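J.: Below are the structure tokens for one structure; questions will follow.
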Amino acid sequence: MNFKLKVWRQKNREDKGRFVAYEVKNVSPDASFLEMLDILNVDLVKKGEDPIAFDHDCREGICGSCGVVINGRSHGPGRGTATCELRMRLFQDGDTIVAEPWRAKPFPVIKDLVVDRTALDRIMAAGGYISARTGGVAEANAIPVPKPIAEEAMDAAACIGCGACVAACPNSSAMLFVAAKVSHLALLPQGQVERKERALHMVEQMDKEGFGNCSNNYACEAECPKKISVMHIARLNREFIRAEFT
Amino acid sequence: MTLESKIPPGLIEKKWDTHRFNLKLVNPANKRKYTIIVVGTGLAGASAAASLGELGYNVLTFSYHESPRRAHSIAAQGGINAPKNYSNDGDSIWRLFYDTVKGGDYRAREANVYRLAQVSGNIIDQCVAQGVPFARDYAGYLDNRSFGGAQVSRTFYARSQTGQQLLLGAYSAMSRQINAGTVEFFPRREMLDLVVVDGQSRGIICRNLVTGEIEPYAANAVVLATGGYANTFYLSTMAKASNATAIWRAYKKGAAFGNPCFTQIHPTCIPQGGDYQSKLTLMSESLRNDGRIWVPKKKGDTRRAEEIPEEDRDYYLERLYPSFGNLVPRDVASRRAKELCDNGLGVGPTGRAVYLDFADAINRLGRHVIEERYGNLFDMYHEITAEDPYKVPMRIYPAVHYTMGGLWVDYNLMSTIPGLYVVGEANFADHGANRLGASALMQGLADGYFILPYTIGDYLASTKFNTVKTEDAPFKEVQDGIAQMVKKLMSINGKKTVEEFHRELGRIMWDYVGMGRNRVGLQKALAEIPKLREEFWQNVKLVGGPNELNSELEKAGRVADFLELGELMSLDALHREESCGGHFREEYQTEDGEAKRNDEQFCYVAAWEFAGVGKTPNLHEEPLEFEYVKPSQRSYK
């Protein structure tokens, strides 16, 4: 397959950035989007040009490193897939494909398609945990958890922290990310003790980082590579209100 | 160099308790005065950093990722072992210990393995307390499944994302310490060298991957938790950035490298498609619990899988190993698949694949059960191959997946350089010549949560430290060396890309140091790798500058190290004239084609000491003694 690409090139944080047009030829339909970029990058290096920088690592949709807005959509046209899992067979031969970084104020561009997502780590550090010291805990089966609850907690815990939800949201809100963690821990009996503080501190940090509010757009759920439901945002709202007023 | 394993005396079940009592303690009020560097924040690194932070040490952590949650531990799928005996099927610490020693083909230390089995139960307790959403039964208790190489159900799991959930647990514990101020995290920093002052490991040199700055950091002790080196093969199931640089540069500073040739080939990966392919994708071994592996009985059978009737199928693992069937250990399953494909019985477009069939399991249990157990694996397979495994059998083939070798460490997890500790996959310690499924997560977390935090305290309490500063000459010297290396790489301006060199090395490694090895092939590898390395240093082409985010420069440093490590792996494989576990020397096999050990000559850990690039390293032997699990020919029949 052959493609025309328009890729966002930006040298560093200060650079203004622009789209640059490229062509890639003879791409296997089974190749992933990132492997297509690999092919283009080999060409660029051979020509002595700077290759396109993009974050990636596991290439099996679990590490959350990759993230490209492809034709206006976080992680491209696939449903429930990260950019690394997106196969070129989903495009038409000869398509023009536009590739740009996550665009959100709290995610400054480092270079080309690479952005700084450490804001998400700071939200985690503000309270995304159960304060269980190493060693001082109960026997594992002392805490039974009803299977449906454990399953729902796992649905939320499946978040890979890629930031697609933020990039998809018109308000650059990180509500789905925060909701996934708050929901995962609020559902479990182990998470009850710090339930209130967790919701308050994580939301406070989210606001401090400059993420916007949720206006029920649901683009986050539509673009989430792990199909995390906006129902968790409803739970986050409930947790937050509960913490504020009770 | 002398190897002192420091295995405590006494009965095996008492060794760790006695040892813990004998370890010196650091006064709680003094802990904050000690700085510990932890490089790598996957399962082993993050759990170590969190636990050390909780104890009150001043911990500095480094990762080439932007966040600890990106580490490749996240991709482990199947599960984590612990002999809780929740399934009431006769499991015990002894049985896990026995299975691990035997599974490793008698090339691991008994004392280490016993300790690992002992603390593994605590890991499950810890993870549940952190909120890891393990699978549960309808009464709300933890569910277990069985895994390759074991006849009991002792594997705890969280769908097929166990590694992810355990890493998020360790990462959250570490985040809590970041919030508390005991742990500091330096993202996008790659360790490029170790600083040794007066014979003690006292710091590291990193490259800031965003600015290109070469930064020095000083500490009282350094912990490497930087994972394995399977990417030496180019195509493996490892993440793209996984590399050996940290352990390799420590090796060049005097840390012995243990059993470098012990690599694991995982039997259930998605077969290679084309040349564009950048990595191989693993499908959890848990699939072998319900999937049946087969090939057509006739060569060149071009019928589609579903058109081949039962009588024309060879369920070869069930036929050859009636008692373990599809659950034989990884090395055995991989080797049999390769043999059949070599004999022309392979399936799929390349003939380098075997079927993994779920039709029986779906008929027996219903599609919903299979979906619940393996749903995301089936989806992933579907995404990649465009075939629906609920309808047609999966095609699988072995791929390089894990390295049992690594830096040599003593019972305290300290390398041959005082103050340099190595944890998780980066060390050589517990899996011998073959790792059992669901044991990598167990070992990473055992090292980080429950072993290192005690043993490192003993070193700190009993060592006299001079004050060192990053402005001191030893730091400057190493820092300058790294700056020189970067400059050299940038200035070669040759014709071949880093990627091309890496692929070429991968081909040599896979052909000669892969699943089957022999003297002639290994000698060929030992001739070709140095040539390729020489060419690399004359003809590699880099672009961009040193003072910016430069992925080609990052890769170049890593590939330069793989080009040296590949040679050591070949040398180790050549010297070990026996077959054991994942190390299969074709000259040494039983009549049934199983690995044939030579306990008379090779019942030892081969620890190599660096002697200069291109020079033959010095071999040191740590003899292995088996008091409790007597070596026998492994049999899974």
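Nothing in this text is a laboratory measurement; each read-out follows from the coordinates by a stated rule. Predicted model only: the values in this text are computed from it and were never measured. Backbone-built Cβ (ideal geometry, glycine too); neighbour counts: all protein chains shown.
J.: Can you tell me the dipole magnitude for chain A around its Cα centre, using point charges on the Cβ only (Lys, Arg +1; Asp, Glu -1), in Debye to the nearest 20? Present the calculation step by step, with values, prior to reporting the outcome.
T.: Working: 32 positive and 32 negative charges, 76 e Å.
For this selection, approximately 360 debye.
J.: Another question, if that's okay. Go through B:544, B:584, B:556 and say which Cα lies farthest out towards the positive end of the charge dipole of segment B:524-637; charges sit on Cβ, +1 for Lys and Arg, -1 for Asp and Glu.
T.: B:544
J.: Distance between the C-alpha centers of segment B:143-172 and segment A:46-83? Whole Å please.
T.: So the separation of the two Cα centres works out to 28 Å.
J.: On to the next question. Could you tell me which of A:40, B:242, B:520 has its Cα farthest along the dipole of the protein assembly as shown towards the positive end, charges placed at Cβ (Lys, Arg +1; Asp, Glu -1), taken about the Cα centre?
T.: Checking the options against the dipole of the protein assembly as shown, the answer is A:40.
J.: Moving to a separate point now. In the neighborhood of residue B:123, defined by Cβ-to-Cβ distances under 13 Å, what is the net charge if each Lys or Arg adds +1 and each Asp or Glu adds -1?
T.: 0
J.: How long are the semi-axes of the ellipsoid equivalent to segment B:265-400, from square roots of 5 times the Cα gyration tensor eigenvalues, in whole Å, largest first? Please list the in-between numbers first.
T.: Details: eigenvalues 75, 69, 49 Å².
In descending order, the three semi-axes are 19, 19, 16 Å.
J.: Taking the number of other C-beta atoms within 10 Å as the exposure measure, put B:35, B:616 in order starting with the fewest.
T.: Ranking B:35, B:616 by Cβ neighbours within 10 Å, fewest first, gives B:616, B:35.
J.: Okay, moving on. For segment A:3-111, what is the charge dipole size about the Cα centre, in debye to the nearest 20, if Lys and Arg each add +1 at the Cβ and Asp and Glu each add -1 at the Cβ?
T.: Working: 18 positive and 16 negative charges, 95 e Å.
Computed charge dipole of segment A:3-111: roughly 460 debye.
J.: While we're on this one: Estimate the FRET efficiency between residue A:204 and residue A:14 by the formula 1/(1 + (r/R0)^6), using the beta-carbon distance for r and 30 Å for R0, to the nearest 0.05. Don't skip to the end; give the middle numbers.
T.: Numbers: r = 30 Å, r/R0 = 1.00.
The computed FRET efficiency comes out at 0.50.
J.: Next up: Pop a pseudo-label 7 angstrom from the Cα along the beta-carbon direction at both residue A:246 and residue B:471 and give the gap in nm to one decimal.
T.: In this crude label model, residue A:246 to residue B:471 measures out at 5.8 nm.
J.: Considering chain A as a Gaussian network with a 10 Å cut-off on Cα pairs, which listed residue, A:118, A:134, A:96, attains the greatest mean-square fluctuation?
T.: Highest fluctuation of the listed residues: A:134.
J.: Rounded if a/c is under 1.5, else prolate if a/b beats b/c, else oblate: with a ≥ b ≥ c from the C-alpha gyration tensor eigenvalues square-rooted, which is segment B:396-521? Before the final figure, lay out each step's value.
T.: Numbers: a/c = 2.77, a/b = 1.13, b/c = 2.45.
Because a/c hits 1.5 or more and a/b fails to exceed b/c, segment B:396-521 counts as oblate.
J.: Would you give the gap between the C-alpha center of segment B:245-267 and the C-alpha center of segment B:498-562, rounded to a whole Å?
T.: Their Cα centres are 16 Å away from one another.
J.: Might you report the magnitude of the Cβ-based charge dipole of chain B about its Cα centre, with Lys and Arg at +1 and Asp and Glu at -1, to the nearest 20 debye?
T.: 620 debye
J.: Here's another thing I want to ask about it. Please list, short to long, the whole-number percent of alpha-carbon pairs of segment B:473-622 in consecutive 5 angstrom bins beginning at zero.
T.: Spelled out per bin, shortest first, that is 2, 9, 16, 16, 16, 13, 10, 8, 6, 3, 1, 0.
J.: Stokes-Einstein at 37 °C, 0.692 mPa s, Kirkwood radius from Cα pairs: D for chain B in µm² s⁻¹?
T.: My calculation gives 132 µm²/s for D.
J.: So, how do all the Cα-to-Cα distances of segment A:64-120 break down into 5 Å bins, in percent, from 0 on up?
T.: Per 5 Å bin, starting at 0, the Cα pair percentages come out as 4, 19, 27, 25, 14, 8, 3, 1.
J.: Between segment B:368-425 and segment B:276-329, what's the alpha-carbon centroid distance in Å?
T.: 19 Å
J.: Something else now. Rounded to the nearest 0.05, what FRET efficiency do residue B:495 and residue B:518 have when you use their Cβ-Cβ distance and R0 = 41 Å? The partial results should precede the final answer.
T.: Details: r = 34 Å, r/R0 = 0.82.
Between residue B:495 and residue B:518 the formula returns 0.75.
J.: List the lysines whose Cα sits under 18 Å from the Cα of residue A:46, skipping any in the same chain fewer than 8 residues away.
T.: Result set, ordered by chain and number: A:25, B:495, B:496, B:541, B:555.
J.: While we're here: Based on the mean of other beta carbon atoms within 10 Å per residue, what is the order of A:209-220, B:414-425, most packed first?
T.: Those peptides, ordered most packed to least, come out B:414-425, A:209-220.
J.: Please pull out the direction-averaged projected area of segment B:1-80, using the convex hull of its alpha-carbon atoms, in nm² to one decimal place. Display every interim value, and only then the final one.
T.: Working: hull surface 34.2 nm².
Seen from a random direction, the Cα hull of segment B:1-80 projects 8.5 nm² on average.
J.: Straight distance only, please: which lysines reach the Cα of residue B:6 with their own Cα at less than 29 Å, same-chain residues fewer than 8 apart left out?
T.: B:14, B:15, B:24, B:31, B:33, B:84, B:102, B:252, B:253, B:464, B:630
J.: Sort B:490, B:380 by Cβ crowding within 10 Å, fewest neighbours at the top. Display every interim value, and only then the final one.
T.: Working: B:490 17, B:380 24.
Ascending number of Cβ neighbours within 10 Å: B:490, B:380.
J.: On to the next question. Rounded to two decimal places and with Rh computed the Kirkwood way over Cα pairs, what is Rg over Rh for the protein assembly as shown?
T.: 0.93
J.: Still on this model: Using a 10 angstrom cutoff on alpha carbons, build the Gaussian network for chain A and name the most mobile of A:223, A:194, A:14.
T.: A:14
J.: Among the trypsin sites (Lys or Arg not before Pro) within segment B:439-500, which fall in a DSSP loop and have no more than 13 other Cβ atoms within 10 Å of their own Cβ?
T.: Answer in residue order: B:464, B:469, B:495.
J.: Fewest Cβ neighbours within 10 Å first, please rank B:97, B:186 accordingly.
T.: B:186, B:97
J.: What residue among A:33, A:54, A:91 shows peak mean-square fluctuation when chain A is described by a Gaussian network model with Cα springs under 10 Å?
T.: Among A:33, A:54, A:91, the largest mean-square fluctuation in the Gaussian network model of chain A belongs to A:91.
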